[in-house]
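Working notes, beginning with the structure itself.
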Amino acid sequence: MTDTLLVEQHGAVTRLIINRPRIRNAVDASTMNALREALQAAEGDGQTRVMVVTGAGGAFSSGADLSAATQALDPDAAIRILTESYAPALKAIRACRWPVIAAVDGVAAGIGCDLALACDLRLVSDRASFAELFIRVGLVPDGGGSWTLPRLVGLGRALEMVLTGEAVGAEEAVRLGLANKLYPSAEFEARVLEYATRLAAQAPLALERGKRAIYAAQVGSYDEALAREAGFQREIFGSEDGFEGFRAFLEKRPPVWKGR
C-alpha cells in the first residue's frame with residue numbers, strides 16, 4: 001500500500017484503489033509501479049482469487065498525470081516511462097492467473113480507459129464513461145487499446161472511439177460489450193464486491209485455466225483451442241477439485257474447493 005494506491009482484502013477478493021481523487025485518479029509512473037507490485041503480491045498470497053481495480057472519489061482514472069510528467073516533451077523519457085512503468089502494469093493484469101475486474105465509477109479516459117480495457121471484466125456505475133482521449137492531444141492509444149478495444153466493440157466502433165475521442169456512457173458501454181454489468185452509483189461498491197465474491201467462490205483451477213484458455217484462443221486455430229481445452233480438462237479431472245466437483249454434484253451439495 002502507498003499513498004496513491006490503497007489495498008483492501010475482503011475474503012478472497014483484493015481491492016486495489018487508485019487514490020488520487022484530487023486529479024480524478026490520473027496515474028503517474030509510481031502509481032502504475034505500485035499497481036503492478038500489488039497485483040503480483042495478491043496473485044501469490046494464497047488467499048486472493050479475484051482482484052478489483054478501481055478509483056477513489058467517483059472516478060476510475062482520468063488518464064496519465066501529465067502535470068507530473070515534465071519529461072513528456074522529451075520523447076526518450078516519455079517512452080521510457082511508458083515501457084518501464086505503464087506497460088508492465090498492464091501486462092501484469094493480463095498475465096495474472098486470477099480474474100481482474102475493473103470497477104469503473106466515473107471517468108475512464110486515456111490510459112485510464114486502456115487500464116480498464118486491460119482487465120478481464122468491467123463493472124460500471126450509471127455515471128461511468130470510457131474515452132480514448134489520445135487524439136485530443138495528437139496522440140494514439142498507448143495502453144494496449146488498439147488491441148483490446150476492437151476485440152470488445154468491433155472494428156468500426158473502435159475506430160470511431162480512437163479517431164474522435166468521443167466518450168461512451170455507461171448504458172452504451174454495456175450495449176456495446178465494453179462493460180459487463182451496470183449498477184446504480186449509490187450501490188456500486190457493495191454490488192461490485194458482491195459480484196467479485198461470487199466469482200471468487202468458483203472452482204479455483206477452473207477460474208485460472210478458463211482465463212488462460214480464452215486469451216490463448218485469441219490467436220491460433222480452432223483445432224489448437226480444442227486441444228488446449230482438452231489439456232486443461234485433463235489437468236482438472238486429475239485434481240482433488242476435479243474429484244470434489246463430481247462428488248458434490250452426485251451428493252447434491254455445494255462443492256468445497258481447495259485449489260489443487
Every listed condition ((1) assigned to a loop (DSSP other than H, G, I, E, B); (2) free of Cβ contacts under 8 Å to residues at least 60 places away in the same chain; (3) of a type in the set (A, V, I, L, M, F, W, C); (4) in contact with a helix residue (DSSP H, G or I) (Cβ under 7 Å, 6 or more places away or on another chain)) holds for L205 save (1)
In the stretch 20-56, the residues that are touching a Cys at 6+ places or on another chain (Cβ under 7 Å) and β-branched (V, I, T): V53
Being over 22 Å from T54 (Cα atoms) and among the β-branched types (V, I, T) narrows V162, V192, V174, V168 down to just V162
Tell me whether the stretch 224-241 contains one or more residues that are within 19 Å of the chain's Cα centre (by Cα) and of a type in the set (S, T, N, Q). no
Single condition P254 does not satisfy, out of (1) without any contact (Cβ under 8 Å) to a residue 40 or more places away in the chain; (2) within 26 Å of the chain's Cα centre (by Cα); (3) over 22 Å from R94 (Cα atoms): (2)
Counted residues in the stretch 183-202 being aromatic (F, W, Y) and not in a helix (DSSP H, G or I) come to 1
Please find, within the stretch 88-124, the residue that is farthest from the chain's Cα centre (by Cα) out of those that are assigned to a helix (DSSP H, G or I) and of a type outside the set (A, V, I, L, M). P88
Which pairs turn up if I take residues in the stretch 56-80 that are farther than 22 Å from S125 by Cα and look for partners that are polar (S, T, N, Q) and modelled with pLDDT of 80 or more with beta carbon separation below 6 Å, at least 6 apart in sequence or on another chain? none
Give the residues of the stretch 5-27 that are under 18 Å from the mean Cα position of the chain (by Cα) and over 30 Å from P204 (Cα atoms), sorted by residue number. N25, A26, V27
Is the stretch 32-44 home to any residue that is within 16 Å of the chain's Cα centre (by Cα), modelled with pLDDT of 95 or more, crowded, with 22+ Cβ neighbours inside 10 Å and part of a strand (DSSP E or B)? no
Of all residues being part of a helix (DSSP H, G or I) and β-branched (V, I, T) in the stretch 125-152, which is farthest from K181 (Cα to Cα)? Just the residue, please. V137
Hey, among F232, F243, which residue is under 28 Å from T14 (Cβ atoms), in a helix (DSSP H, G or I) and hydrophobic (A, V, I, L, M, F, W, C)? F232
Whether any residue in the stretch 170-182 is assigned to a helix (DSSP H, G or I), over 18 Å from the mean Cα position of the chain (by Cα), farther than 13 Å from C113 by Cβ and of a type in the set (G, A, S) is what I want to check. no
So which of A158, A186, A248 is without any contact (Cβ under 8 Å) to a residue 60 or more places away in the chain, surrounded by fewer than 16 Cβ atoms within 10 Å (Cβ to Cβ) and under 30 Å from G110 (Cβ atoms)? A186
Looking for something closer than 18 Å to V50 by Cβ and not hydrophobic (A, V, I, L, M, F, W, C) - is there at least one such residue anywhere in the stretch 227-247? yes
Of the conditions (1) within 20 Å of L16 (Cα to Cα); (2) assigned by TED's automatic domain parsing to the domain that holds G11; (3) not basic (K, R), M161 satisfies every one except a single condition; which number is it? (1)
Among (1) surrounded by 17 or more Cβ atoms within 10 Å (Cβ to Cβ); (2) in the same structural domain as D120 (by TED's automatic domain parsing); (3) closer than 30 Å to A12 by Cβ, where does K211 come up short? (2)
Tell me, please, whether a residue that is closer than 30 Å to T197 by Cβ, out of contact with any Ser or Thr (no Cβ under 8 Å at 6 or more places or on another chain) and surrounded by fewer than 19 Cβ atoms within 10 Å (Cβ to Cβ) can be found in the stretch 105-120. no
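The values are calculated or read from the model by the stated rules, or taken from the named source; none is laboratory data. This is a predicted model, so every value here is computed, not measured. Positions of Cβ are generated from backbone atoms using ideal geometry, with glycine treated the same way; all protein chains shown enter the neighbour counts.
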